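> First the structure, which I've put down as structure tokens, then a few questions once you've had a look.
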Amino acid sequence: MRRKELKIILLLIITPIAIDAIAQNFVRVELESGFGHINESNGVAVADYDQDGDIDVFFTGMFSFNPEDESTWNRLMRNNGHGIFEDVTVASGFVVQFVNPGVTSGHGDKLGASWGDYDNDGFPDLFLANIQKDQLYHNKGDGTFVDVTERAGVAGTADRYSSSGLWWDHDRDGDLDLYVNNLKGANTMYENRGDGYFFDITAATGLGGFGVTWASVAIDVGNDGFLDLYNANDTQENQFFESRAGVFFNEASKALRLNDEGAGMGLAVGDYNNDGFFDIYVSNIFNYHPNPLFTYNNINRRFEDLAVEMGVDNAAWGWGTKFFDCDHDGDEDLYVVTGVMSKSTINNEIQVDENNFFFKNLFMEGTEGFQNWSVESTVDGEARGRGLETFDCDGDGDLDMVVANVEVPAYLYRNELITDSKTELTNWLQIWLEGTASNRDAFGTEVKIAVEGKSYYRWHHGAGIFGQSITPVHFGVGSAQMIDEIQVSWPLGKVEYIYNVPVNQTIRMREGENSMVTGLEDELEERLLKVYNYPNPFSNSTTLHFELASSGNLNVKIFSISGKELYNTTRTSYKAGSVDITWSGEDIKNVLLPPGIYFYTADFENQSFTGKLLKGPSVK
């Protein structure tokens, strides 16, 4: 996390903003999308489990499994495109689910679902947090899953009550480790051995915690490359564990002023004021303790709770919460789902249900703070919500919301921003990240974009209460037509840059290739399969290697850092296969260029790549 002074504006009066100017039309579409039978759910998590290009959804049923009772099923819902889902629970291998051996609980028997590719094979695996016995399902890559819990060693113990699982690479060895939250006792830290087995290293790392932990997030507060850990604890102080080179963790919540004393439930990480420092929002029970919004103050190297000043301290009995840019204006808005526990009493008062909360971020309107926009957004659902995820369910570029509810069916809110917009203020970019040296899901990656002199930041981690998801990194960029620069800081330290990327597309960036894949629609993805250059850096020459899935014309241009065109060539391929283009480090006049940074573009059949070349001194 960068060090930079945080400028605080106290909002004594929130300047009114015309609702018509920011009105957002969300539409509930759970019935027509295929979610009508999803009922009594705690958790929800999303990922492209079958790697077909769209995002699928997993729900955890609240109660012990009874095959005759639909409300007790976990459900895997396959996205068949454009936000229409098919129930593939049985076909994918989830026909036998968790049965509670007799322990009773008001929270339910099955809670969290966490997607993470623990063996880096390209297909997301799934961890399920339950009472007494957790489960790990390995994705076989053919659309089916197999239960590997016992073999992997992550079943837990008979006296535990797991709420959520967090996939993260605590030791920077390139694979995902697993942290499991417990509501009745110490949490558990598992080390991924890399061969399908996990070791319990809780005591060795000092990550046991207080217990009663609902959610955890991993974030590099110390900016040393190693991920720290923050836990939301119920009716106990939240805990921040500072990493010591990924080997041991020191409890430092008081030192950083992150020891909130509320009934911590959900966690969200974002950069609400675009200052390059990631903020942490915690959903509490407001009548017990207000929700904090922790922002980093570089002057004293601590966090400050600005929830009251920013107008987000009250979200009733909060659970799932997310930062996301719903209206593509460049700042991240905040959503919180709520729901009381039946017959709950706080301070001798019976707690009553309140609708979900949506807070519109006013930063891009010139005011540092949020406006309660729950009614105007039409997402103030009245059900007792638990889990929450934001993702582009229909592939149109804006973010939709899925809410897991108890007692009633789930909500699916479709964002109509792109469909209904009558302006050019709704441009966007989505980036799928693929680690190669780092973990395949690239959890723990920071992405920064520069657009028209402004910078925007995202922390890629996927975690929240009752769920962890694998989604592309999403940016709204307003009226901008071009992303000037994308900077990706991968978990193992490599920093890569891509320049001049057109908006309104989903791209894929692979660690170490200095390139991006654009146009992820199937017909384009099938044409240009792979691009890389070697060596890079280079001295005398470098070769750009292309693998083509069809015939066509390949055009390659090389530019200086100032944008001057230095090299231009077109190669016609009459069949599918490999094409190599070697550049000698000279311009179009055969003048040897000095050492430095150069960029190339490659265009093939309506598909484009951009990459960076590093030229060193020539060697004779």
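The values are calculated or read from the model by the stated rules, or taken from the named source; none is laboratory data. Quick caveat: nothing in here was measured; it's all calculated off a predicted structure. Positions of Cβ are backbone-derived with ideal geometry, glycine not excepted, and every protein chain shown enters the neighbour counts. Side chains included, ligands, DNA and RNA excluded: accessible areas come from the protein's heavy atoms. Shrake-Rupley method; radii C 1.70, N 1.55, O 1.52, S 1.80 Å.
> Over segment 288-373, one equal point on each Cα, no solvent: what is log10 I(q)/I(0) by the Debye formula at q = 0.26 Å⁻¹?
-1.31
> Using a cut-off of 15 Å between beta-carbons, work out the net charge of the residues near residue 338 (Lys and Arg +1, Asp and Glu -1, residue 338 not included).
-3
> ³J(HN,Hα) across segment 357-369 via Karplus (A = 6.51, B = -1.76, C = 1.60, θ = phi - 60°), whole Hz, x for Gly/Pro?
10, 10, 10, 7, 6, 9, 4, 6, 8, x, 10, 8, x
> Compute and list, largest first, the equivalent-ellipsoid semi-axes of segment 343-413 from the alpha carbon gyration tensor, each √(5λ) rounded to a whole angstrom.
26, 20, 9
> Then there's this: Which one of 243, 98, 426 has its Cα pushed farthest toward the positive end of the charge dipole of the chain, where Lys and Arg give +1 and Asp and Glu give -1 at the Cβ?
About the Cα centre, the residue reaching furthest to the positive side is 243.
> Moving on to the next point. Any chance you could get the radius of gyration and Dmax over the Cα atoms of the chain, in Å?
Cα radius of gyration and Dmax of the chain are 24.3, 84 Å respectively.
> What are the semi-axes of the equivalent ellipsoid of segment 57-178, taken as the square roots of 5 times the eigenvalues of the Cα gyration tensor, listed largest first and rounded to whole Å?
So the equivalent ellipsoid measures 22, 21, 12 Å along its semi-axes.
> Please report the carbon-and-sulfur percent of the accessible area for the chain; probe 1.4 Å, protein heavy atoms only, DNA, RNA and ligands left out.
Carbon and sulfur: 50 percent of the exposed surface of the chain.
> Give the percent of DSSP beta bridges with both residues in the chain that are antiparallel, rounded to the nearest 5.
95 percent
> Of the options 352, 566, 472, report the single residue whose Cα projects farthest towards the positive end of the charge dipole of the chain (beta-carbon charges: Lys, Arg +1; Asp, Glu -1).
Toward the positive end, the furthest listed residue is 566.
> Among 210, 314, 577, whose Cα projects farthest towards the positive end of the dipole of the chain, with charges put on the beta-carbon of Lys, Arg (+1) and Asp, Glu (-1)?
Result: 577.
> Using per-residue counts of other Cβ atoms within 10 Å, averaged over each peptide, order 110-116, 64-70 from highest down.
Packing proxy ranking, top to bottom: 110-116, 64-70.
> Counting pairs of alpha carbon atoms under 8 Å apart in space and at least six apart in sequence, what relative contact order in percent does the chain give?
Result for the chain is 12 percent.
> Take peptides 565-571, 436-442 and line them up by average Cβ neighbours within 10 Å, highest first, as a rough protection proxy.
436-442, 565-571
> FRET efficiency for residue 69 and residue 259, Cβ-Cβ distance as r, R0 = 56 Å, nearest 0.05?
0.85
> With the convex hull built on the Cα atoms of segment 78-140, state its orientation-averaged projected area in nm².
With every direction weighted equally, the projected area is 5.7 nm².
> Another question, if that's okay. Assuming a ≥ b ≥ c are the square roots of the Cα gyration tensor eigenvalues, decide whether segment 255-336 counts as rounded (a/c under 1.5), prolate (otherwise, with a/b larger than b/c) or oblate.
Oblate shape, in that a/c is at least 1.5 and b/c is the bigger or equal ratio.
> Over 27 Å between Cα atoms, which of 184/448; 494/615; 254/448; 184/343; 575/615 qualify?
With Cα atoms farther than 27 Å apart: 184/448; 254/448; 575/615.
> Expressed as a whole percent, how much of the Cα-Cα distance distribution for segment 142-282 exceeds 23 Å?
35 percent
> Right, next: For the chain, what is the accessible area per residue in Å², given a 1.4 Å probe and the full set of protein chains?
37 Å²
> What residues qualify as long-range amide H neighbours of residue 100, i.e. H under 5 Å apart, gap of 5 or more or another chain, H built at 1.01 Å from N?
64, 65
> What spacing in nm lies between the two simple spin-label points modelled at residue 590 and residue 197, each 7 Å away from Cα in the Cβ direction?
With each label point 7 Å from Cα toward Cβ, the separation is 6.3 nm.
> Same structure, new question: Among the aspartates and glutamates, which have Cα under 19 Å from the Cα of residue 133 when same-chain residues fewer than 8 positions away are ignored?
Straight-distance partners of residue 133: 109, 125, 147, 150, 159, 177, 191, 200.
> Rounded to the nearest 20 debye, what is the charge dipole size of the chain about its Cα centre when +1 sits on each Lys and Arg Cβ and -1 on each Asp and Glu Cβ?
The calculated dipole for the chain is roughly 1840 debye.
> Also, I was wondering about something else. Compute the relative contact order of segment 95-135 as a whole-number percentage, counting only Cα pairs closer than 8 Å that sit 6 or more residues apart in sequence.
Over segment 95-135, the number comes to 35 percent.
> Using unit Cβ charges (K, R positive; D, E negative) and no other charged atoms, how large, in debye to the nearest 20, is the dipole of segment 35-175 about its Cα centre?
460 debye
> Tally Lys and Arg at +1 and Asp and Glu at -1 over the other residues with C-beta under 13 Å from the C-beta of residue 60: what net charge comes out?
-1
> Another question about this same structure. Using only the alpha carbon atoms of segment 535-620, find the Kirkwood hydrodynamic radius as the inverse mean reciprocal pair distance, in angstroms to one decimal.
For segment 535-620, inverting the mean 1/r across all distinct Cα pairs yields 13.4 Å.
> Please list log₁₀ I(q)/I(0) at q = 0.13 Å⁻¹ for segment 406-463, using the Debye equation with identical point scatterers on the alpha-carbon positions.
Debye curve over Cα of segment 406-463, log10 I(q)/I(0) at q = 0.13 Å⁻¹: -0.62.
> Just to check, using Stokes-Einstein with a Kirkwood Rh over alpha carbon pairs, what's the diffusion coefficient of segment 189-241 at 20 °C and 1.002 mPa s in µm²/s?
173 µm²/s
> Next up: Calculate the translational D of segment 240-284 in whole µm² s⁻¹ from Stokes-Einstein, where the hydrodynamic radius comes from the Kirkwood formula applied to all Cα pairs, the temperature is 4 °C and the viscosity 1.567 mPa s.
My calculation gives 106 µm²/s for D.
> Here's a follow-up. Report, in debye and to the nearest 20, how large the dipole of segment 131-261 comes out about its Cα centre when Lys and Arg carry +1 and Asp and Glu carry -1 on their Cβ.
240 debye
> Roughly speaking, what is the stretch gain from residue 252 to residue 86, that is 0.36 nm per residue apart minus the C-alpha to C-alpha distance, in nm to one decimal?
Gain on extension, residue 252 to residue 86, equals 55.2 nm.
> Starting from one equal scatterer on each C-alpha and no solvent at all, send me the Debye-based log10 I(q)/I(0) for segment 435-482 at q = 0.19 Å⁻¹, two decimals.
Summing over Cα pairs of segment 435-482 leads to -0.73.
> Given 10 Å bins starting at zero, what is the percent of C-alpha pairs of segment 579-620 in each, up to the one with the largest pair distance?
21, 50, 25, 4
> What's the local net charge at residue 375, with K and R +1, D and E -1, over the other residues with C-beta under 12 Å away?
-2
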